[in-house]
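Below is one structure, written out as structure tokens, with a few remarks after it.
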Amino acid sequence: LYVSSDCYRPINSVYNKTQQKKLDEWLKFAPGQIAIYDYWNMGGKNYFNPPRQEVCIDGIIGDLKYYHKNNIKLFFTEGERDFTVPQPFFDMHYYVASALLMDINADTEKLMDEYVRYYYGEKAYPIVKVYLQNIRKGVAEHPSKQATMLVNRWQFCTPEFLYNSYMQLKKAEKLSAG
């Protein structure tokens with residue numbers, strides 16, 4: 001299901017109805033016996049050249065809740081880290097997801113807030129939090145499917161957005177010096 005899926009949105013979103021239907025059929029065939037091997041926004045030079053401003057955290061949260069609701073007991077995921085072309089908030093995805101795997105009712109907004117605050121530091125936190133919110137909003141409002149390995153240009157990634165983000169992140173970098 002991965003190549004044709006939109007990993008930025010949950011399996012039960014309008015953009016993933018075909019994939020959800022396939023999974024739901026398997027769930028009927030073998031209830032309580034399905035294992036999921038998922039992929040989270042595979043990165044690397046092949047797919048992030050040039051680097052993209054995107055996160056799939058909202059897709060991850062929705063998927064994990066959907067899997068839990070449907071009694072999926074076994075879950076494995078793969079997410080590719082490329083240190084030369086890093087994905088924004090890559091480690092936050094794992095931080096939030098690991099908490100959800102232990103407690104599906106965990107407050108994901110609080111977890112993301114906690115991650116940004118402690119990872120980037122108290123001084124840079126407000127700037128980085130706004131940056132994350134802007135990316136999440138842009139991804140959520142994108143008007144079409146973004147097939148995971150065939151992502152088109154994000155509508156929100158205008159030159160102004162990229163410039164303003166860069167300037168704010170440079171400011172956050174100075175605030176977190178040391």
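The values are calculated or read from the model by the stated rules, or taken from the named source; none is laboratory data. Remember, it's a predicted structure, so these values are computed and weren't measured experimentally. Note that each Cβ is placed from the backbone with ideal geometry, even for glycine, and that neighbours are counted across all protein chains shown. The accessibility values were calculated without ligands, DNA or RNA, using every heavy atom of the protein model including side chains. Shrake-Rupley method; radii C 1.70, N 1.55, O 1.52, S 1.80 Å.
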Practice item. Please work out which one of (1) assigned to a loop (DSSP other than H, G, I, E, B); (2) open to solvent by 20 Å² or more (accessible area, probe 1.4 Å); (3) modelled with pLDDT of 85 or more is the condition D58 fails and give its number. Key: (1)
**Study point:** Subset of region 33-54 [modelled with pLDDT of 85 or more and either crowded, with 22+ Cβ neighbours inside 10 Å or over 18 Å from N16 (Cα atoms) (or both)]
**Key:** Q33, I34, A35, Q53, E54
**Study point:** Among (1) part of a helix (DSSP H, G or I); (2) open to solvent by 20 Å² or more (accessible area, probe 1.4 Å); (3) among the hydrophobic types (A, V, I, L, M, F, W, C) - the single one F76 does not satisfy
**Key:** (1)
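Can you tell me which residues in region 1-26 are in a helix (DSSP H, G or I) and open to solvent by 20 Å² or more (accessible area, probe 1.4 Å)? Please lay out each step first, then the result.
Filtering region 1-26 down to residues in a helix (DSSP H, G or I) leaves 14-26.
Once the filter is applied, which keeps residues that are in a helix (DSSP H, G or I) and open to solvent by 20 Å² or more (accessible area, probe 1.4 Å), region 1-26 yields V14, Y15, K17, T18, Q20, K21, K22, D24, E25, W26.
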Review point. Here are some conditions: (1) assigned to a helix (DSSP H, G or I); (2) touching a residue at least 12 places away in the same chain (Cβ under 8 Å); (3) among the hydroxyl-bearing types (S, T, Y). S98 meets all but one. Which one does it not meet?
Key: (2)
Review point. With (1) open to solvent by less than 80 Å² (accessible area, probe 1.4 Å); (2) in a loop (DSSP other than H, G, I, E, B); (3) of a type outside the set (A, V, I, L, M, F, W, C); (4) at pLDDT below 90 as the list, and N71 as the residue in question, which single condition is left unmet?
Key: (4)
